[in-house]
1. State the number of residues belonging to the range 11-57 that are in contact (Cβ under 8 Å) with a residue 60 or more places away in the chain, over 20 Å from R95 (Cα atoms) and among the hydroxyl-bearing types (S, T, Y).
2. Which count do you get for residues in the range 149-179 that are on the phi > 0 side of the Ramachandran plot and modelled with pLDDT of 90 or more?
3. Going through the range 191-221 one residue at a time, which ones are among the hydrophobic types (A, V, I, L, M, F, W, C) and either more than 17 Å from the chain's Cα centre (by Cα) or not in a helix (DSSP H, G or I) (or both)?
4. Can you name the strands (runs of 3 or more DSSP E) wholly within the range 1-83 that have at least 2 residues being more than 16 Å from ligand 1 (Cβ to nearest atom), surrounded by 17 or more Cβ atoms within 10 Å (Cβ to Cβ) and in the same structural domain as S98 (by TED's automatic domain parsing)?
5. Within the range 12-19, is even one residue away from ligand 2 (no atom under 16 Å from the Cβ) and among the aliphatic types (A, V, I, L, M)?
6. Of the residues in the range 20-54, how many are of a type in the set (S, T, Y), more than 20 Å from Y81 (Cβ to Cβ) and either away from ligand 2 (no atom under 14 Å from the Cβ) or modelled with pLDDT of 90 or more (or both)?
Amino acid sequence: MLSEVFYSECLFCKQKISFTDLICEVCFNNFERITFSCHKCGYPLESDYIICRNCFQARFYEKIMVSYWYNYEMRTLLKYYKFHYGFKNLKIFERLLSGLCIEDNYHIVTPVPVYISRRLVRLIQPAYYLSKIISKKFGIPYKTLLKRVRFTEYQWKLKRNLRIKNIKGAFECMDDVKGLKILLVDDIITTGATINECARILKKSGAKRVDIFCLSKGMFL
Ligand SMILES: [Zn+2]
Ligand SMILES: [Zn+2]
């Protein structure tokens, strides 16, 4: 009787699942793990090339870890998350991060910030919660280091060369980061222009090393 009442539906296939879950086991397997990455920096690649495009340009981060492709399931989940914040979502993100292995000792984990007016629209920032989960899981202190100081057009609306221009000077570092090893976190990257700009600012402010963790990688069109 109780189990009849306390169930919910899988976000994708509508199958009955435990009320504490958001996605069923079968659909969870549709999140697509990234298999190939740049041998130098770890940037996700569609096939096994050796070096990524970013390694031929000015790259300010050392290493990047990205777990999944931004496929239909990931897009749906991140969209759903924006409007339905709750423990189920945190649980699914914890689960998505369960295979994550962080070897280095970082001084701080910090999210890529969202512009303030956009933050009002998007009250829920996945990058913030992902940073919090990583902080708890690996015992890395959490701190907000970066602030958006300039409005920028959505990166996905722009072509590659315009993305770099669009994002330049959009961030400021609010804290003393001299000599620190920092893990910067975001929910999605497309070309890496935003995270690279964040890394540039952190390095310019004295950070010793900046690595990136990102939940998903969108296909670059
Ligand atoms: Zn399902
Ligand atoms: Zn690379």
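1. Here the count works out to 1.
2. Adding up the residues that qualify gives 1.
3. Initially, the range 191-221 is screened for residues among the hydrophobic types (A, V, I, L, M, F, W, C), giving 193, 195, 198-199, 201-202, 207, 210, 212-215, 219-221.
Listed by number, the residues that qualify are I201, L202, A207, V210, I212, F213, C214, L215, M219, F220, L221.
4. Output list reads 64-69.
5. yes
6. Taking the range 20-54 and keeping what is of a type in the set (S, T, Y), we get 20, 35, 37, 43, 47, 49.
Among the residues that remain, those that are also more than 20 Å from Y81 (Cβ to Cβ) are: 35, 37, 43, 47, 49.
Imposing the further condition that a residue be either away from ligand 2 (no atom under 14 Å from the Cβ) or modelled with pLDDT of 90 or more (or both) reduces the set to 35, 37, 43, 47.
Here the count works out to 4.
Residues are listed down the side, and each one gets a yes or a no for (1) within 15 Å of the chain's Cα centre (by Cα); (2) modelled with pLDDT of 90 or more:
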position	(1), (2)
Y72	no, yes
F87	no, no
T110	yes, yes
L120	no, no
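The values are calculated or read from the model by the stated rules, or taken from the named source; none is laboratory data. These numbers were taken from a predicted model, which means no experiment stands behind them. Note that each Cβ is placed from the backbone with ideal geometry, even for glycine, and that neighbours are counted across all protein chains shown.
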